[in-house]
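One structure is given below, encoded as structure tokens.
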Amino acid sequence: MIALKRYFILSLLLICSLVSYSQDNSDGTWFVYFGNQKINNNWNIQSDFQYRLRQVPDQKSQLILRAGLGYNITPGNNNFLLGVAFAQTNFSDAYLDKPDLEEKRIYQQYLFKQSFKNLYATHRVRLEERFLPNEFGLRSRYFLSVQRPLNQKGLSKSSVYASFFNELFVDMKHKKFDRNRFYAGLGYSISNEIRIETGYLIQAQKNSTRGQLQFVLYNNLSF
């Protein structure tokens with residue numbers, strides 16, 4: 001209970017400062033759900049649902065739905081996954097002549113977890129085949145995240161932890177840099193399977209850099 005109170009105090013201070021900064025800079029807000037459901041020792045289902053407000057200046061909102069079936073080469077690790085995704089982008093009122101943009105994706109990924117003393121790292125490599133109206137895209141992504149518990153050892157129930165990640169996107173079709181995302185936040189483990197996080201993400205593209213306030217729910221409950 002004390003850890004939960006501390007987390008809420010820290011999160012409230014972080015949210016207030018980030019919201020203030022976000023309002024001054026017209027940055028966006030992302031609401032994110034990540035699910036990882038274990039079927040048995042080898043198979044799992046991963047999913048995520050994201051609702052993004054003002055991701056870039058000309059976007060009003062964006063919805064992303066993603067799900068995949070994974071297989072662990074070793075117990076609880078070295079996971080290969082095949083998935084599909086759907087994205088719908090709504091443009092701002094200043095772009096009334098632009099219809100909603102829908103994109104379908106097929107993706108393959110490899111995920112590997114490591115721990116170093118009280119640091120917990122996750123590596124993820126993903127290849128996406130992107131099907132847009134009248135266009136096909138191919139993109140690779142490398143994601144590295146690190147979590148560090150602040151009040152106890154291990155990411156178990158009642159842990160308050162710092163969370164960081166960086167993700168690099170490369171346009172494989174045109175062989176060029178697409179974007180980079182860096183995130184820093186605070187998290188709290190409600191149980192061994194459920195975590196919540198609040199943080200700030202900076203997305204850098206070739207000609208722009210933009211911030212996003214994030215609210216995240218992680219669900220690792222098994223079937």
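Where a number appears in this text, it was derived from the coordinates with a stated rule and is not lab data. Computed from a predicted structure; not experimentally measured. All Cβ positions, even for glycine, are placed from backbone atoms using ideal geometry, and neighbour counts span all protein chains on display.
The label point for Y71 and the one for N90, both projected 7 Å from the Cα toward the Cβ, are 4.0 nm apart. Counting other Cβ atoms within 10 Å as a rough exposure proxy, the listed residues K60, K206 run K206, K60 from fewest neighbours to most.
In this simple spin-label approximation, N180 and I194 carry label points 7 Å from Cα along the Cα→Cβ vector, and these lie 3.7 nm apart. A simple spin-label model places pseudo-atoms 7 Å from Cα toward Cβ; at K60 and D100 they are separated by 1.0 nm. In this structure, the amide hydrogen of N151, modeled 1.01 Å from its nitrogen in the peptide plane, lies closer than 5 angstrom to those of V160, counting only residues at least 5 positions away or on a different chain.
Checking the cross-link pairs K60/K206; K117/K206; K38/K175; K60/K173; K104/K157 against a 25 Å limit on the alpha carbon distance flags K117/K206; K38/K175; K60/K173; K104/K157 as lying beyond it. Using θ = phi - 60° in the Karplus curve 6.51 cos²θ - 1.76 cosθ + 1.60, the 3J(HN,Hα) couplings for region 40-47 round to 8, 5, 10, 9, 8, 10, 10, 8 Hz; x is entered for Gly and Pro.
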